[in-house]
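A.B. asks: Starting off with a structure, shown below.
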Amino acid sequence: GKVRAPTHIISTISDDRGEEPCYAGVPMSTIIEKGYGVGDVISLLWFKRSLPRYCTQFIEICVMLCADHGPCVSGAHNTIVTARAGKDLVSSLVSGLLTIGPRFGGAIDDAARYFKDACDRGLTPYEFVEGMKKKGIRVPGIGHRIKSRDNRDKRVQLLQKYAHTHFPSVKYMEYAVQVETYTLSKANNLVLNVDGAIGSLFLDLLAGSGMFTKAEIDDIVDIGYLNGLFVLARSIGFIGHTFDQKRLKQPLYRHPWEDVLYAK
Ligand code: ACO
Ligand code: LMR
């Protein structure tokens, strides 16, 4: 019989061999004819399926709300400093992206992991938060540098409102809110942040859409797809900051001596 030559690469998300490229089997022309948006393209290329409109719209809202948060956050700062050092667009962009991680923007996957585990195991917020404290782990998705009980993050509220209106269930988000109620009793800035809101709500999206098996949801959470939303979104802002600095012909940045504590 025929023997298939072994290949060096396996790929399952896109194919450019035919007349037109396909994303998860959907041809480009269909994507355009059906008026698909970025949320649909993300669902095809990341999740390998067409998700219902309320899901793709939620993805687009995440991207829009996380696109930028001003020049002072760590990633934008890096991008600005790099652009002002005369570096190119890609260098300035990746310099900003490299700050995305457990403290800044990259806590979405861990928030989803920990909230899911705690909620599925039926832990009370007290048991969950105090258990994390004992392990010396900050609760991902909780806490913010400038947001607090009296200065809530509008993005979180907008995401919650959308989900309340469109999602069949917001079980994980409600759990995250219960955790927030407990952490706020400890300190004013321990609010549910945008990473925690997206992490918990994406669990609700995955479970409530009926489009994913339990094993697929576990895989998405284990592999860690969700920080991708912040990376993708904030790239829009970092690219904007790069253009802004170039347009303004900003000189090389040097941090002022006065703002450094030279200590022995
Ligand atoms: N869980 C439990 N306790 C916390 C948490 C948390 N997530 N965040 C702060 N605390 C408590 C701790 O007791 C901390 O003391 P420690 O340093 O001994 O652990 C104390 O508050 C003070 O913490 P600060 O370092 O002053 O808090 P800061 O304002 O610098 O931190 C930050 C903000 C980095 C967001 C922090 O809350 C955190 O690490 N959160 C978890 C990670 C996360 O969700 N990051 C995403 C933020 S949203 C975004 O970037 C788009
Ligand atoms: C952001 O989205 O960049 C912010 O939430 C982070 C910050 O420190 O304000």
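A.B. asks: With 19 Å as the cut-off, how large is the P(r) tail for region 1-160, expressed as percent of Cα-Cα pairs?
C.D. replies: Of all Cα-Cα distances in region 1-160, 72 percent exceed 19 Å.
A.B. asks: Then there is this: Using a Gaussian network model of the chain whose springs link C-alpha atoms within less than 10 Å, name the residue from Asp40, Asp110, Asp120 with the highest mean-square fluctuation.
C.D. replies: Per the Cα network of the chain with a 10 Å cutoff, Asp120 tops the list.
A.B. asks: Also, quick follow-up: If you look at just the Cα atoms of region 112-264, how large are its Rg and its Dmax in Å?
C.D. replies: Cα-based Rg and Dmax for region 112-264 come out at 19.0, 59 Å.
A.B. asks: Sticking with this one: If I compute solvent accessible area with a 1.4 Å probe over the protein chains, what percent of it on region 1-127 is carbon and sulfur?
C.D. replies: C and S fraction of accessible area: 57 percent.
A.B. asks: Another question about this same structure. What length, rounded to one decimal in nm, is gained on full extension from Ile13 through to Thr213, with 0.36 nm per residue of separation minus their alpha-carbon distance?
C.D. replies: 70.1 nm
A.B. asks: Would you give the gap between the C-alpha center of region 1-31 and the C-alpha center of region 156-235, rounded to a whole Å?
C.D. replies: So the two Cα centres are separated by 33 Å.
A.B. asks: Here's another thing I want to ask about it. Can you tell me the accessible area per residue over region 33-118, all protein chains present, probe 1.4 angstrom, in square angstrom?
C.D. replies: For region 33-118, the per-residue accessible area is 44 Å².
A.B. asks: Something else about it: Based on DSSP H runs of at least 4 residues, each adding -39500 (n - 2.57), what is the mean residue ellipticity at 222 nm of the chain after dividing by all its residues, to the nearest 500 deg cm²/dmol?
C.D. replies: Working: 12 runs with 146 residues, N = 264.
One gets -17000 deg cm²/dmol as the mean residue ellipticity at 222 nm.
A.B. asks: Where nothing but the Cβ of Lys and Arg (+1) and of Asp and Glu (-1) is charged, how large is the charge dipole of the chain around its Cα centre, in debye to the nearest 20?
C.D. replies: My answer is approximately 700 debye.
A.B. asks: What's the extension gain from Arg49 to Leu261 if we count 0.36 nm per residue and subtract their Cα-Cα distance? Intermediate results must be reported in sequence, preceding the final value.
C.D. replies: Working: separation 212, 0.36 × 212 = 76.32 nm, distance 5.31 nm.
Extra length available between Arg49 and Leu261 comes to 71.0 nm.
A.B. asks: Here's something else I'd like to know. Only helices at least 24 Å long along their axis, Cα-based, and averaging -0.5 or more on Kyte-Doolittle count here, so list those DSSP H runs from the chain.
C.D. replies: 227-247
A.B. asks: Moving on. Starting at 0 and stepping by 5 Å, how many percent of the alpha carbon pairs of region 187-264 end up in each bin?
C.D. replies: The calculated distribution, bin by bin, is 3, 10, 12, 13, 11, 11, 13, 10, 7, 5, 3, 1.
A.B. asks: In region 189-228, what percent of the accessible surface is made up of carbon and sulfur (1.4 Å probe, ligands and nucleic acids excluded)?
C.D. replies: Carbon and sulfur atoms account for 54 percent of the accessible area of region 189-228.
A.B. asks: Keeping all protein chains in place and using 1.4 angstrom, which order do Trp257, Trp46 fall into by accessible surface area, from largest down?
C.D. replies: Greatest to least solvent exposure: Trp257, Trp46.
The values are calculated or read from the model by the stated rules, or taken from the named source; none is laboratory data. Predicted model, so just to flag it, every value in this text is computed and none were measured. Here Cβ is always computed from backbone atoms with ideal geometry, including for glycine, and neighbour counts include all displayed protein chains. To get the accessible areas, we keep the full protein, side chains included, count just its heavy atoms, and leave off ligands, DNA and RNA. Shrake-Rupley method; radii C 1.70, N 1.55, O 1.52, S 1.80 Å.
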